[in-house]
1. Hey, what do the phi angles of the range 18-35 turn into as Karplus ³J(HN,Hα) couplings, whole Hz, using 6.51/-1.76/1.60 and θ = phi - 60°, x for Gly and Pro?
2. Give a residue-ordered list of calculated ³J(HN,Hα) values for the range 254-261 (Karplus: 6.51 cos²θ - 1.76 cosθ + 1.60, θ = phi - 60°; whole Hz; x for Gly, Pro).
3. At a 1.4 Å probe radius, carbon and sulfur cover how many percent of the accessible area of the chain?
4. Between the range 85-132 and the range 216-293, what is the separation of their alpha carbon centroids in Å?
5. Simple spin-label model, 7 Å along Cα-to-Cβ: Ser280 to Glu238 in nm?
6. I need the shape label for the range 74-144. Rule: rounded when a/c is under 1.5, else prolate if a/b > b/c, else oblate, with a, b, c from the alpha carbon gyration tensor.
7. Please identify, among Leu161, Leu99, Leu236, the residue showing maximal mean-square fluctuation in a Gaussian network model of the chain using a 10 angstrom Cα cutoff.
8. Under a cut-off of 20 Å between alpha-carbon atoms, report the lysines in cross-link reach of Lys269, not counting same-chain residues fewer than 8 places apart.
Amino acid sequence: MSLSAAQKVAFRHDGCLVLDRVLTEQQLRRMNELIDSMVEQSAETTTNTAMYDLESDHRAQQPRVRGLRDPLAVDPLFTEISVSDAVLDPIEDLLGPDLRRELAFVNIKPPGSGPLQPHQDFAILPYTNDCLVVCGLALTDSTVANGCLHVLPGSHRRPILEHHQDGVMIGAIQADDPEFDTARMVPVEVPAGGMSIHHFRTVHGSPPNTSAGDRRVFWLDYAAEDTYPIGKPVDLQEFAQRMVRGTHTRQVRTLALEFPMPNRARRAKVLVHLQDGLASPLYPHPEAQRHGQ
């Protein structure tokens, strides 16, 4: 499904786009069944693992899973969808014919689950150019009530903001940052089976889930083949194996981009953990609200 000229213009202007009916009903049903099974199996573990990111109140009697870190290892269906024409055709329209898959994970936001504070992915994981997008395949309706993605339109065309606190990377923008126009953040609602696409520099986050059901999203990051990570070890053989379309040339393209040098003194495998301790969050955590904080 290629993008129309109007959709391309909208993405270039806003840094975000929503497409309906990217997944079939059969794919949607099967992916949710697989996730249900993984959540059920999580009752056997009490700590975060290479697969599971657990909520703090996770218990064997009531499993609460925040994310699956390696969905491609769960079932071949996740890989099949990540390389499907339905997903890749619009990405090629935005990034060009030579595409590499970067990250893949499933976010499960259970009822009462906390927020992900606004940030720009590029500030946390910079590359030699900004030819990258993040795709969110909605496995349930993604709504304001269940904590859908919120973006700052046009922020991908503006400077990359500060994501440090006390000189150390915290993976979020302070709500009181004078360069951060919080009033312009808008929700991005996506029907189940649809897909959002946002630019790697677009400011985005998601508030808590205040609904009675899960919000589930299969997230996939894609980069143009000549986009190379800065300050991150690269296994060139594995790098080439993540090509999903086109040719691996081993050529690197650079752009004149300015951004604060990432100080990764704090270590966290999941972004929401990196954001712990943010002094001025835009989205309060439900537990803080319950305690009047």
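1. Couplings: 10, 10, 8, 6, 8, 9, 7, 4, 5, 4, 4, 4, 5, 5, 5, 5, 5, 5 Hz.
2. Couplings: 10, 10, 7, 10, 10, 7, x, 4 Hz.
3. Details: 7000 of 13770 Å².
Its accessible area is 51 percent carbon and sulfur atoms.
4. Using only Cα atoms to place each centre, the spacing works out to 8 Å.
5. 3.8 nm
6. On the way: a/c = 2.03, a/b = 1.22, b/c = 1.66.
It is oblate, given that a/c is not under 1.5 and a/b is not larger than b/c.
7. Looking only at Leu161, Leu99, Leu236, the biggest GNM fluctuation is shown by Leu236.
8. Within the straight-line cut-off, Lys269 pairs with Lys109, Lys232.
The values are calculated or read from the model by the stated rules, or taken from the named source; none is laboratory data. For clarity, every value in this text was computed on a predicted model and none was experimentally measured. Cβ atoms come from the backbone with ideal geometry, glycine included; neighbour counts cover every protein chain shown. For accessibility, only protein heavy atoms count, side chains too; no ligands or nucleic acids. Shrake-Rupley method; radii C 1.70, N 1.55, O 1.52, S 1.80 Å.
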